[in-house]
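Report on the structure given below.
The values are calculated or read from the model by the stated rules, or taken from the named source; none is laboratory data. Bear in mind the structure is a predicted one, so any value in this text is a computation, not a measurement. Neighbour counts are summed over all protein chains in view; Cβ atoms, including those assigned to glycine, are modelled from backbone coordinates with ideal geometry. Surface accessibility is based on the protein's heavy atoms, side chains included, excluding ligands, DNA and RNA. Shrake-Rupley method; radii C 1.70, N 1.55, O 1.52, S 1.80 Å.
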Amino acid sequence: KALLGIVLLLGSLYGLSLSEWLADERTGIGEMRRITLTDGSHITLDSDSAADIAFDTQQRRIILYRGRLLAEVVPDSLLTPRAFIVESRDGTARALGTRYTVDQTDHDSIVTVIESQVAVTNRDHPQQSVTLQTGQSIRLNSKRIHLPEAASPFAASWIQGRLVYQDAPLDQVIRDLARY
């Protein structure tokens, strides 16, 4: 019985990286959670997501290991304001304003600005940086940042607990539904 228990435990952990398993904040399949950060900002983790929160005297950093999140950023109250950064496997999204989402898929990351501006930088090529405006979205992977495009008006519908699609590829719809 003990051996069977160990095999089942290892089998359930297979595919999860240690950083995802030990992340500060995680949501299960079908679960969403809004988290108030120590500076008064909020992040909302979508279903099946994992992230670490790393605030220090230099910066406010959220490390997204899996899934997607909404960042609602308040200005830093310290005398020397700290940058608010969401880091994904493919790069970083630094808040120049207030509300944006970061979605880490199997192959790339997508940053969508709901309000204000966000500076997006590629992890492997830090010289590749783009500033997005309200209503813009960008896809990036380890090799490059694609060109900004108009965000779908439904890109953040998940925040209200709805999934809305218009002219979306079927594989994207299936991938999103599997998250729930």
Give the percent of DSSP beta bridges with both residues in region 49-125 that are antiparallel, rounded to the nearest 5.
85 percent
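Where does the chain land on the Kirkwood hydrodynamic radius, alpha-carbon pairs, in angstrom? Don't skip to the end; give the middle numbers.
Details: mean 1/r = 0.0585 Å⁻¹.
Result for the chain stands at 17.1 Å.
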Helix 2-13 against the longest principal axis of the chain: what's the angle in degrees, Cα atoms only, rounded to the nearest 10?
20 degrees
Please name whichever of THR98, LEU147, THR44 sits farthest to the positive end of the charge dipole of the chain, dipole taken about the Cα centre and charges placed at Cβ: Lys and Arg +1, Asp and Glu -1.
THR44
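R0 = 30 Å: FRET efficiency of GLU115 with LEU22, Cβ-based, nearest 0.05?
Working: r = 32 Å, r/R0 = 1.07.
Once the sixth-power term is evaluated, E becomes 0.40.
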State the percentage of accessible surface on the chain attributable to carbon and sulfur atoms; use a 1.4 Å probe and exclude ligands, DNA and RNA.
56 percent
Mind checking which of LEU140, LEU64, LEU22 has the largest fluctuation in a GNM of the chain, springs on alpha carbons under 10 Å?
LEU22
Could you check the simple spin-label distance between ASP106 and HIS146, using points 7 Å along Cα→Cβ, in nm with one decimal?
1.6 nm
Using a 1.4 Å probe, what is the accessible area per residue for the chain, in Å²?
56 Å²
When every alpha-carbon pair in region 128-180 is counted, what percent end up more than 19 Å apart?
40 percent
Using only the alpha-carbon atoms of region 30-103, report the extent along each of the three principal axes, biggest first, to the nearest angstrom.
40, 24, 19
Give the Rg/Rh ratio for region 96-157, taking Rg as the radius of gyration of the Cα atoms and Rh as the Kirkwood radius, to two decimals.
0.94
Taking 7 Å along the Cα-to-C-beta vector as the label spot, tell me the ASP39-ARG162 distance in nanometres, rounded to one decimal.
3.2 nm
GLU87 - accessible surface, heavy atoms, 1.4 Å probe, Å² rounded to 10:
40 Å²
